[in-house]
Amino acid sequence: IVCALVHLTRYFPGENRSITVCLPSCLTGTDEGTILMLLTSRSNNQRQEIKAAYKKAHGKDLVSALKSELGGLFETLVVALMTPPISYDASQLHKALKGAGTDDDVLIEILASRTCAQIKDVVKVYKKECGGKLEKDITGDTSGHFQKLLVILLQGSRDEGVDEDRIENDAKELFAAGEGKVGTDVEKFINILGNRSHEHLRLVFDAYKKLAGSDIEDSIEGETTGNLENLMLAVVKCAKSVPAYFAESLNGSMRRAGTDDQTLMRIMVSRSETDMLDIRACFKKMYGASLYNTIQDDTAGDYGKALLYLCGGND
């Protein structure tokens, strides 16, 4: 067996420690356990180095080789891990828009949770790798106020910082647009939620609660329905705490009849190097159970083991 040894630093998601290991970069037969351990214990940047080293040593694309040897959910997860983060977001959005119908939940999750800089990068990569303009594809597949808020988020141009002079006024405008009138001025909600910074919005939500005697989420749930309601709630939750938003999403993907593996996989892959420790802490606080144990109870095989590696530890 001819193997190219790639010396890389082992990466532990969410933890500041590393050791040096050697990676056999050829596939002779299939050792799922080795693939699982080596790929999930490295950063995405290191996986890109592995891909390049494999191509140089064997003249083959590593992702294609992995796909030919693996199958099912484990294959899907491994391919996701081998994809650069921005490209992965772009591919997930493309899949959500170009499949049978539109997966609005994916649009909501990605556009509500990513930073302005990340969204701008996704737009560029989407055009390059998916062969179209993301805004055009979104407007072609959505409509109404839901579409309008998505397009605003897609601009990645939220205000920066906190405007102290606008906090009370924004809270009053939100109240007047919802609970303070018959009917709902959705445009006002969209403008404020879509354009203010997260720091500013958190202060607006505090002011709103003092004014209305209830949380902004209660107003949104009472005044809107369907995908627009889900999108607005996601924006509010991400403004308050992105890790808590993902902890809730992960819980929803598992604690029900059947497991939503696509959501579970997408979140674990996209957040494993970003805020997994914070997500784990939020999950434990919110649900009284560790994310690790919950994943363990809901998944199986190499797929489940890989997700546990991404989780990084039991709390």
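The values are calculated or read from the model by the stated rules, or taken from the named source; none is laboratory data. Note that the structure is a prediction, hence the values are computed from the model and not measured. Cβ sites come from the backbone with ideal geometry, for glycine too, and all protein chains shown count toward neighbours. Side chains included, ligands, DNA and RNA excluded: accessible areas come from the protein's heavy atoms. Shrake-Rupley method; radii C 1.70, N 1.55, O 1.52, S 1.80 Å.
The table for this structure:
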{"item": "In degrees, nearest ten, helix 144-154 long axis to first principal axis of the chain (Cα)", "result": "60 degrees"}
{"item": "Distance histogram in 10 Å bins (all Cα pairs of segment 54-160, percent per bin)", "result": "14, 40, 28, 14, 4, 0"}
{"item": "Globularity ratio of the chain, using Cα Rg and 2.2 N^0.38 Å", "result": "1.09"}
{"item": "19 Å Cα-Cα reach of Lys98 towards lysines, excluding residues that sit fewer than 8 places from it in its own chain", "result": "Lys124, Lys127, Lys128, Lys133, Lys136"}
{"item": "Crossing angle, helix 226-240 versus the chain [Cα axis fit, 0-90 degrees, rounded to tens]", "result": "80 degrees"}
{"item": "Net +/- balance of residues flanking Leu233 in space, Cβ distance below 9 Å, scoring K and R +1, D and E -1", "result": "-2"}
{"item": "Dipole magnitude (debye, nearest 20) for segment 174-315, charges at Cβ of Lys, Arg, Asp, Glu", "result": "260 debye"}
{"item": "Helix-only mean residue ellipticity at 222 nm for the chain, each DSSP H run of n ≥ 4 adding -39500 (n - 2.57), per residue, nearest 500", "result": "-21000 deg cm²/dmol"}
{"item": "Within the chain: Cβ-based charge dipole about Cα centre, in debye rounded to nearest 20 (Lys, Arg +1; Asp, Glu -1)", "result": "1140 debye"}
{"item": "Segment 155-224, relative contact order [Cα under 8 Å, separation at least 6], %", "result": "41 percent"}
{"item": "Rg to Rh, two decimals, where segment 206-287 supplies the alpha carbon set and Rh follows Kirkwood", "result": "1.02"}
{"item": "Max mean-square fluctuation residue, GNM over the chain, Cα-Cα springs under 10 Å, options Glu164, Glu135, Glu69", "result": "Glu164"}
{"item": "Gain upon complete extension [Met37, Lys98; 0.36 nm per residue less C-alpha separation]", "result": "18.7 nm"}
{"item": "Over segment 80-187, relative contact order from alpha-carbon pairs under 8 Å, at least 6 apart, %", "result": "24 percent"}
{"item": "DSSP-loop GluC sites (Glu not before Pro) across segment 180-255, with at most 13 other Cβ within 10 angstrom", "result": "none"}
{"item": "Relative contact order of segment 171-311, pairs being alpha-carbon contacts under 8 Å that are 6 or more residues apart, as %", "result": "17 percent"}
{"item": "Gaussian network model of the chain, Cα within-10 Å springs - most flexible of Tyr88, Tyr287, Tyr126", "result": "Tyr287"}
{"item": "Cα lying deepest toward the dipole's positive end in the chain, options Tyr292, Leu36, Gln262, charges on Cβ", "result": "Leu36"}
{"item": "Summed side-chain charge close to Val186 - residues other than Val186 whose Cβ falls under 11 Å, Lys, Arg +1, Asp, Glu -1", "result": "-2"}
{"item": "Positive-pole candidate from Cys238, Leu250, Ile190, dipole of segment 172-261, charges at beta carbon", "result": "Cys238"}
{"item": "With all protein chains modelled, accessible area of Thr299 [1.4 Å, Å²]", "result": "20 Å²"}
{"item": "Leading residue at positive end of dipole, segment 36-81 (Cβ point charges), from Ala65, Val78, Asn45", "result": "Asn45"}
